[in-house]
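The values are calculated or read from the model by the stated rules, or taken from the named source; none is laboratory data. Please read these numbers as outputs of a predicted model, since none were measured by experiment. Please note: Cβ atoms are built from the backbone with ideal geometry, for glycine as well, and neighbour counts cover all protein chains shown. Calculation scope for accessible area: heavy atoms of the full protein, side chains included, ligands and nucleic acids excluded. Shrake-Rupley method; radii C 1.70, N 1.55, O 1.52, S 1.80 Å.
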Amino acid sequence: MKLITFRKKDNKTSIGWLQGNDVVDMQKASPELPGDMLTFIDHHETYFDIIEKLGKIEPHFSIDEVKLLPPLPNPRSVRDYIGFEMHMLNASRSFGHSISEVWYEMPIYYFTNHQAIYGPEDEIARPPKETKMDLELEIAAIIGKGGKDIEAGKADAHIFGYTIFNDWTARAIQKREMEMPLGPCKGKDFANAFGPCIVTADEFEQYRVPFSEEFFKEPLRTPERKADRFNVKMEARINGVTVCEGNYKTVYHSFGEMIERASENGVQLMPGDILGSGTVGWGSLIENKFSIHRPIVPGDVVELEIEGIGVLRNKVK
């Protein structure tokens, strides 16, 4: 199921799901269903039972009659990881750094701004005086079942679904602040875009494939923890021109490992928390020092596409 949050022509906001190019409005389908995504995620098992009992439902709108919003406009938190070694290799080289061995031992993350949430077709403002604005092509997992000290092998049961994540970055700002060993802050503070929908975990299972060392060709290391991966193509375009093509199966640290790390030491994960995969290899312009494409400027249209989810499109202003 592909779940969406949307605004109708009467300016009211609702949630629902896609049937091809049509939209089912949950509250029109049943008064027992909620009108916001966080409430749905909190009690999703109950609500999925209601939906199943409804049977076939005629759509209420075409996709052109509504404005898609961030599928989860108010996440409880957003952790963003660095899951792909190729991105680490490329970005570290661009910044004149080397990869610490610690990165191979554990998934590393930072908290980003869960109030600066944008959706499909939203305009993203380039920070004033920023000269090296960048995109970041990621997939995000949304937590559906909370917990503490969750083992990686049992973590899939805690995932509600997946969406596309553009972790917009102000590289000029980031470069200066990363001189202090506190990680990225203001360079990541201004915009996090998600969408166009949340694909429920059960629907995304069709893309799961067994671990294979063939996914990790030189110069990549083979991960020690050999969990399943999703075989989904990932692509980034600027003004219609492809600037990156990758695949999630090349991720070094799986979402299971990320959930295990986040919930360590008795930390409570909550439904509605978001975990970003980190940028797929070559999925940002900094990785080739902006030689493939100049920094993003106002007027540029950025599209991120992930197989099985859709396209997240934003214009920069």
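Structure notes:
- Unique residue being surrounded by fewer than 22 Cβ atoms within 10 Å (Cβ to Cβ) and either within 25 Å of Thr112 (Cα to Cα) or modelled with pLDDT of 95 or more (or both) when the list is Asn231, Asn314: Asn231
- Members of region 282-297 that are assigned to a loop (DSSP other than H, G, I, E, B) and open to solvent by less than 10 Å² (accessible area, probe 1.4 Å): Gly283, Ser284
- Of residues in region 153-172 being of a type in the set (A, V, I, L, M, F, W, C) and at pLDDT below 95, the one most open to solvent (accessible area, probe 1.4 Å): Ala172
- Residue pairs whose Cβ atoms lie under 7 Å apart, sitting 6 or more positions apart in sequence or on different chains, and linking a residue in region 157-182 that is among the small types (Gly, Ala, Ser) to a partner that is open to solvent by 10 Å² or more (accessible area, probe 1.4 Å), are Ala157/Lys145; Gly161/Ala201; Ala170/Pro127; Ala170/Phe190; Ala172/Thr131; Ala172/Lys132.
- Applying the criterion of being in a helix (DSSP H, G or I) and in contact (Cβ under 8 Å) with a residue 12 or more places away in the chain to the residues of region 203-233, the residue that is nearest to Glu245 (Cα to Cα) is Phe215.
- Matching entry among Glu179, Glu203, Glu224, Glu218 (being within 29 Å of Lys67 (Cα to Cα) and open to solvent by 40 Å² or more (accessible area, probe 1.4 Å)): Glu203
- Count of residues meeting criterion [crowded, with 16+ Cβ neighbours inside 10 Å and among the small types (Gly, Ala, Ser)] in region 53-85: 1
- Tally, over region 122-148, of residues that are among the acidic types (Asp, Glu), out of contact with any helix residue (DSSP H, G or I) (no Cβ under 7 Å at 6 or more places or on another chain) and either surrounded by fewer than 16 Cβ atoms within 10 Å (Cβ to Cβ) or within 19 Å of Tyr81 (Cβ to Cβ) (or both): 3
- For region 1-52, filtered to residues that are under 17 Å from Ile159 (Cα atoms) and free of Cβ contacts under 8 Å to residues at least 40 places away in the same chain, the residue that is surrounded by the most Cβ atoms within 10 Å (Cβ to Cβ) is Phe40.
- Inter-residue pairs, beta-carbon under 8 Å, first in contact (Cβ under 8 Å) with a residue 12 or more places away in the chain and within 30 Å of Tyr109 (Cβ to Cβ) and in region 62-79, second of a type in the set (S, T, N, Q) and not in a strand (DSSP E or B), 6+ apart: Val78/Thr112; Val78/Asn113; Arg79/Thr112
- Take the conditions (1) touching a Pro at 6+ places or on another chain (Cβ under 9 Å); (2) open to solvent by 20 Å² or more (accessible area, probe 1.4 Å); (3) not charged (D, E, K, R); Gly195 misses just one of them, which is (2).
- Subset of region 96-120 that is open to solvent by 60 Å² or more (accessible area, probe 1.4 Å), of a type outside the set (D, E, K, R) and outside any loop (DSSP other than H, G, I, E, B) - its residue that is nearest to Phe6 (Cα to Cα): Tyr118
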